[in-house]
Amino acid sequence: MVEQANTPVLETQNLQKNFGGLQATRDVSIALHRNELHAVIGPNGAGKSTLVNLLAGELAPTSGHILLDGEEVTALTTWRRTRAGIARSFQRTNIFLPLSVHENVRLAAQARGSLARAVFHRASRDGTLAKAADTAIERVGLTGVRNRIAGELSHGEQRQLEIAMTLATDPKVLLLDEPLAGMGQEEGERIATLLQALARDHAVLLIEHDMDFVFKVADVLTVLVEGAVLASGTSQSVRDNAAVQFAYLGDH
Amino acid sequence: MIDVGNQTRLLPHSTAGWLALVAFAIFWAILPWFVPLYYIELGTSAMIAAMLALSMQLLVGATGLVSLGHGAFYGLAAYAVYLVSPENAAQPIWITLPIAMAVAGLAALAVGMFSLRTSGFFFLMVTLAFGQMIFFVFHDTKLGGGTDGAYLGKPLISAFGATLDLPRRQKPIGIYYVALIQLLSMYIGLAVLLRTLFGRALEGIRVNEHRMRAVGFDTFKIKLTAFTLAGALAGAAGHMWALHRGFVNPEIVGWHQSAEALLMILLGGLGSLHGPILGALALTGLSEVSQLLTERKLLVEGLVILAVVILLPKGLAGIRVRKDHAADGADHG
């Protein structure tokens, strides 16, 4: 643990993404460490979601590198990256609506297994996957609605299901794209506790709008403005940064 | 409360549903004792169509892939039977069936490698194009008798030296049962497959493929496996067609074979595995009846299909005795 403290789990080097003439991501170099909740904040259009999509493999960068445990993963497809240990949740809820909560999460847990194994195993008899799914469901606090159909859940519960599905893939890195979007105050409190717990055994990248929430839960903050890193460091140092106050926080 | 989860599954939801299927299979098995020879042969044709539609359901209903090239694998397999059958002797079924399925499966693997990189409308068009390429191989070359087609020397079913060389009046009965056994095996095999983790992965792809990739599934490989398997099963149907008719011609490779199988699935119901079987039997029966009643066969067929699609959105398989309503009534009363 100690000797790994300085090796980032996930690292970007001079990451760049251009959409035609628009530079959505400019020369971004950030590092996520184990047991650390790293929040990325920034005004609308700052390139936060683009960054998540680059890290998850949904978009290919124009230039730059993405390293997972020091190994290059820049060219890997989304599913290979998830298998390598980078799991992401979506800003707009993206789940299997007609399936039950348990089936949603079990499907996520199944992804790592081989195709040959899948062909010869009865779904209803697979205890290992069912258990893995139930562990993830319990962790996000959805045990009570385990057998409900995902499409019938409340918005907040669906956001929690998103997180359970990312957890079930057994990741090293969690990329959570606005997990609080559209949630109430009370649900927000619960998610804050959950995120802090998750940061104890994963590297967590959190994209979030709510500044109070971010300052409360984040260990490290990166401020993106127009695709570039304006400031990065501990919550306190970023809060005190004059440039940040002027460019972003001052707007409040 | 309605269990929506089961509605995404293609298998019967209750013991009563399974019993109804078994009863229907038994009825179908004793049918040859009560009907004239002509209808036995018609029943065999219907079962072969049902096998093709059933194999296609693995793509359409289970995985959400609509292909217009599926019929080509069926026709290709029928030609394979013709090509490996000698002039004057019967080729044993344990040679013809595996060859027909392997040829169709390999062709599906090759077509799937390219076509599955696209999706939706483009997938439809690419599979159509590949299917027509296979069609023109048989249409424009002398490989299988060209446009005229060709007769099999001895379209007999034989295995391990024993030949099903029945007298003229009984031969269709033998073929009928061979087709029935294959159709039942295919249904049971697919029912088992859909209950595995692989079946769940197909369901996930149908519901939300993007999410499947995001949680780490190699969806291309899973779809290619399903596409290849469906092709091989279509090959089993084509094999049976060649033995049943003893004749192959380019028409059985054409795109309308796929369209007809799709129509059967639509008629029978997208949401169940037995739907395509019901659809195939219904369409074969409908075609027969409308031919008897009128000169405008296709018009009658079209109107009936239109009526079914409008009135029964879940197809023929969606018809059931409304038990839920009775229970609701009791609650309110």
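Points worth noting:
- Within a Gaussian network of chain A (alpha carbon springs, distance under 10 Å), most fluctuating of A:L55, A:L221, A:L129: A:L129
- Around B:G145: net Lys/Arg minus Asp/Glu count, Cβ-Cβ under 14 Å: -2
- Set of lysines with alpha-carbon distance to B:K171 below 28 Å, sequence-local pairs under 8 removed: B:K154
- Distance from segment A:31-50 to segment A:116-152 (C-alpha centre basis), Å: 30
- Spatial separation of Cα centroids for segment A:188-252 and segment B:55-112, in angstrom: 59
- GNM result for chain B, Cα springs below 10 Å: residue of B:I99, B:I188, B:I205 fluctuating most strongly: B:I188
- Shape class of chain B from the alpha-carbon gyration tensor: oblate, with a/c at 1.5 or above and b/c at least as large as a/b.
- Mean ellipticity per residue at 222 nm, deg cm²/dmol - from DSSP H runs of n ≥ 4 across chain B, formula -39500 (n - 2.57): -23500 deg cm²/dmol
- Cα-based shape type of segment A:70-171, given that a ≥ b ≥ c are square roots of the gyration tensor eigenvalues and the cut on a/c is 1.5: oblate
- Fraction of beta bridges assigned by DSSP in the protein assembly as shown that are antiparallel (%, nearest 5): 55
- Within a Gaussian network of chain A (alpha carbon springs, distance under 10 Å), most fluctuating of A:A123, A:A164, A:A87: A:A123
- Distance from the C-alpha centroid of segment B:218-236 to that of segment A:156-181: 32 Å, rounded to the whole angstrom.
- Cut-off 15 Å between beta-carbons: net charge of the residues surrounding A:N53, Lys and Arg +1, Asp and Glu -1: +4
- DSSP loop chymotrypsin sites (Phe, Trp or Tyr not before Pro) with at most 11 other Cβ within 10 Å excluded, longest remaining stretch of chain B: B:161-333
- Partners for B:K314 among lysines (Cα-Cα distance below 19 Å; same-chain residues under 8 apart left out): B:K323
- Tensor-based shape of segment B:1-115 (alpha-carbon gyration tensor, a/c under 1.5 rounded, otherwise prolate or oblate): oblate
- Remark: relative contact order (chain B) = 32 percent; criterion is Cα-Cα distance under 8 angstrom and separation of 6 or more residues.
- Only helices enter the 222 nm calculation for chain A: every DSSP H run of n ≥ 4 contributes -39,500 (n - 2.57), and dividing by all residues gives -10500 deg cm²/dmol, rounded to 500.
- Eligible aspartates and glutamates near B:K297 by straight Cα distance, threshold 18 Å, same-chain separation 8 or greater: B:E260, B:E288
- Comparing B:I188, A:A136, B:L109 along the charge dipole axis of the protein assembly as shown, the residue lying farthest to the positive side is B:I188, per the Cβ-charge model.
Each value in this text was obtained by applying a stated rule to the coordinates, not by laboratory testing. Since the model is a prediction, treat every value here as computed from it, not as a measurement. Don't worry about glycine lacking a Cβ; one is built from the backbone with ideal geometry, like all the others, and counts go over all protein chains shown.
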